[in-house]
1. Between the stretch 347-405 and the stretch 215-244, what is the separation of their alpha carbon centroids in Å?
2. From the Cα gyration tensor of the stretch 112-265, with a ≥ b ≥ c the square roots of its eigenvalues, which class applies: rounded if a/c is under 1.5, or else prolate if a/b is larger than b/c, or else oblate?
3. Translational diffusion coefficient of the stretch 277-417 at 37 °C, 0.692 mPa s, Stokes-Einstein with Kirkwood Rh over Cα pairs, in µm²/s as a whole number.
4. Using label points projected 7 Å from each Cα along Cα→Cβ, tell me how many nm separate residue 288 and residue 419, to one decimal.
5. What is the gain in length, in nm to one decimal, between residue 324 and residue 357 on full extension, counting 0.36 nm per residue of separation less the C-alpha to C-alpha distance?
6. Restricting to Cα pairs below 8 Å that are 6+ residues apart, what does the relative contact order work out to for the stretch 191-338? Please round to a whole percent.
7. Given a Förster distance of 30 angstrom, what is the FRET efficiency for residue 151 paired with residue 383, based on the Cβ-Cβ distance and rounded to 0.05?
8. State, to one decimal in nm, how far the label point of residue 240 lies from the label point of residue 332, with both points 7 Å from Cα in the Cβ direction.
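Derivation of every value follows stated rules applied to the coordinates shown; laboratory data play no part. Fair warning: this is a prediction, and the values are worked out from it, not measured in the lab. Backbone-built Cβ (ideal geometry, glycine too); neighbour counts: all protein chains shown.
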C-alpha cells in the first residue's frame, strides 16, 4: 500500500522508470525461474544442432536444422506490475512467448551459394536461367552479360525462396558443366532471438514512459521524459529494421551464378606493317672555318628510314650568295634517335624529345671529309603513319688537308611517312 501510494506522483514514477526499472532484470530472472505454486517454469529444450555441411556438399535446403538458443536473462516487461496498476502476466505465459521466439530463431539461416557453370551459349543459358527464376518465385537482383574475343560471360544474382533453394541449384547446374560450387549457410538465429527479446523489452519501456508522460506535472518533467522516450523510440525503429533484414535473409537464399563459355578466338586482324619510312628534310648549315671565314648553306635532303629510330639521309647544299650553278655541298649520313622513358619514351602524339648521333661522308667546297656529330630533336607531331620533327645538329668535319678540321651547326625541319 505504501509503494502504490508513493507511485501516484509523476516525479516518483519518473524515478521508478529511470532508477528502479534497470534493476528489475535480476528480479525478472527470479520470477522467470519459478512458476506459480513453486513449480519450475518450463524450459526450452535445446536439441542438438546438426553440424554445418561442407560448401561442396548439400544444397541450401539441407541446411534447415534446429538450434539451441540460450534463454534470455532479461525479464519480460509484461511480467511486472507497471505504475498504472496493470495485472502482471504469469511465468507460464512468458515461457510460451519464449518458445515462440525460439521456434522462429531456429529457422533463421542465411544461405549464400556461388556457382560457376560452363555453357555452350551464354545468352541462351541466361535466358533459361531467367525462366527458371520466374517458375521458382525467385528474383533477379543483378545481371551483367559481356562478350569479347571469343569469350562470353554472364554474372547473375538471384534471391531464391529458401524452401526452393535445393531444386533451383540443381536446375542451374543442369544448364551446363559446373566448374565450381560453393554453398554457405550462416546461422543467424541467436542474433534474431536477442534482437526480438530486446525489442520486446524496449516496447515495454516505451509504454511505461508514455504512461508517466501523461501524468507529468511540470515542463521540466515533460522535457526529460520526452528525451528518454525519443531515444527509446529510435532504438525500437533500428531494431525493427535489423529484424526485418534478418527475416529477409532467412526467407530468401542469395545465389551468385557465373555463366561462361571458352570459344576459339577469331583470327586476329593483321595490321599493316611499314617497310620503310621515307621523308624530306630542309635545313640551314652554318660552317665555322675560323680564320678562313664562315659560310652559310641552304640544304634539302631525302630521308629513308629502315625503322622509326634509324634513318639514312642524303642532303645537298647551296652556298648562300653563290652565283655558280650546281651543288656546293653534299652530306651522306646515317643517324639514330634515343628517347627517355621519363619523358614519354617516344609514345606521345605530341612533343616527344630525343637525342641522337650521326656520322657519314661530307663534301664541301670540293673537299672530301668525314662527318661526326650529335643531334637534339623534338617530334612535334607523331602518328602511326607520319612524323613531323625539328632538330639541331652539331658536326665536326675533318679528314681534308686543305680544309683542315672545322665545325658545322645545322637546324633542320623534317617530315616522314610510313610506307
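1. Their Cα centres are 86 Å away from one another.
2. The shape class here is prolate.
3. On the way: Rh = 15.6 Å.
Once the numbers are plugged in, D ends up at 211 µm²/s.
4. 3.6 nm
5. Computed gain between residue 324 and residue 357 is 8.6 nm.
6. Relative contact order here is 13 percent.
7. Numbers: r = 32 Å, r/R0 = 1.05.
With a Förster radius of 30 Å, E is 0.40.
8. 9.7 nm
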